[in-house]
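Here the structure comes first, spelled out in structure tokens, and everything after it is commentary.
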Amino acid sequence: MRQRTHKKEVSTSAQTTAQVQRKHENESRWMKSCLFALFVILLLAPFTLIMSRELFQHLVYKHRIKVPFFVDLNQPVDFSLNHTINMYLTSEEGISLGVWHTVPESHWREAQGKDLAWYQSTLSDGNPVFIYLHGNTGTRAATHRVGVAKVLSALGYHVLVPDYRGFGDSSGEPTEVGLTTDALHVYNWAKERSGSSLVVFWGHSLGTGVSTNTAVKLVEQGIVLDGVILEGTFNMRNEKLPFHVFSWYYWKFPGWGYFFPEPWAENKVVFPTEENVKKMKSPLLFLHAEDDSVVLIHSAQQLYNIAVSAQNAERVKFVTFEGSLGYLHNGLYKDPRLPDIIK
């Protein structure tokens, strides 16, 4: 009896020892897996950051989404713009911008078959020139952009619609400084050829940031734009940019940023529209749909109030469009009241 009891105690003790060993083995295996995973993360994080610069650019500008798809930007006539010519401007070395120039609708018959020299010569005919600076995503062929060009042309205005660098068939990669440089070049090009004609910026969404940046650059040169329209404008202080998941890497490992700069370090997106409207001296017109879900209307209202304080209510206007109309972020060009508002 004692022998059996002793054997049972030995067996129980052996089982306990085996369980303890298995537990230690599992803990050791788990620890090794964690250390390996941490090693992989630490090894790959800086390279992921390097590769993510392009992703960060895309998240902000969405320039690689070239909608509408499968279109020939050399043929604006395909979009019922039969008094429009496609051309390319060089904003700086290595950067070619695709641009559409639509002449006033009253010239459409005369425009048939005309070359680039004829189109350029018409800019000095005394009619106002609008430079339309579009938002992110897509090209100058997007439906709402074509719609704005048609509205302005019907009013007797020239319309220049450039695709920024990296957009459409324009070369290069978009940055805030680059987009501002592009807009400034288009303005200077137009002004050289339009003489005393009015030159007005119409910025939409992202283009409102480009418009105000460029307007301030011109003010610094002693030039005041004849007018600026801000449609669906945003206030960067109220808008959140994408937050990179590996930003903690630089907090935990100081000094690594020297070898592996953050992806946003060389491509900061500021668009200080709030500060810009304080410095601008041009007449300003804000256009905003009440049902705009991309940029909420209170953002534009804040900027309007700041602009009025900087200038006065006579030079700064704010026009809203009822949410029941369903214009959202891109549809204001459809409103029948728009021509009278712009005039």
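Here is the P(r) of region 295-343: all C-alpha pair distances, binned every 10 Å from 0, give 22, 46, 31, 1 in whole percents. Whole-Hz Karplus values for region 270-278 come out as 10, 6, x, 4, 4, 6, 5, 5, 6 Hz, taken residue by residue from phi with 6.51 cos²θ - 1.76 cosθ + 1.60 and θ = phi - 60°; glycine and proline positions read x.
Label positions at Leu296 and Thr143, each projected 7 Å from the Cα along the C-beta direction, are separated by 2.8 nm. Here each label is just a point 7 Å from Cα along the line to Cβ, and for Ser106 and Glu93 those points are 4.5 nm apart. The separation of region 265-343 from region 156-193, counted between C-alpha centres, amounts to 21 Å.
Simple spin-label estimate for Leu116 and Val67 gives 3.1 nm between the two label positions (7 Å along the Cα-to-Cβ direction from each Cα). The length gained by stretching the chain between Gln221 and Ile341 to full extension, at 0.36 nm per residue less their Cα-Cα distance, is 40.2 nm.
Across region 73-83, computed HN-Hα scalar couplings (Karplus, 6.51 cos²θ - 1.76 cosθ + 1.60, θ = phi - 60°) run 5, 6, 10, x, 4, 5, 10, 6, 9, 8, 10 Hz from first to last residue, x flagging Gly and Pro. 3J(HN,Hα) along region 217-231, derived from phi through the Karplus expression 6.51 cos²θ - 1.76 cosθ + 1.60 where θ = phi - 60°, amounts to 4, 5, 4, 5, 9, x, 10, 10, 4, 6, x, 9, 10, 10, 9 Hz, with x in place of Gly and Pro.
Seen from Ser324, the other residues with C-beta closer than 13 Å to its C-beta sum to a net charge of -4, counting Lys and Arg as +1 and Asp and Glu as -1.
Legend: residue pairs Lys317/Lys343; Lys191/Lys279; Lys191/Lys217, Cα-Cα distance threshold 19 Å; pairs beyond threshold, Lys191/Lys279. Over region 76-342, the Kirkwood radius and the radius of gyration, each from Cα atoms, give a ratio Rg/Rh of 0.99.
The amide H of Phe286, built 1.01 Å from its N in the peptide plane, has Leu230, Lys317, Phe318, Val319 as neighbours under 5 Å, considering only residues 5 or more places off or on other chains. Between Val199 and Val129, Asp226, the built amide H atoms are under 5 Å apart, and every one of these is 5 or more places off in sequence or on another chain.
Values in this text are rule-based calculations from the coordinates and carry no lab data. This one's a predicted model, so the numbers in the text were calculated from it and none came from an experiment. Every residue, glycine as well, gets a Cβ built from its backbone with ideal geometry; the counts of neighbours run over all protein chains shown.
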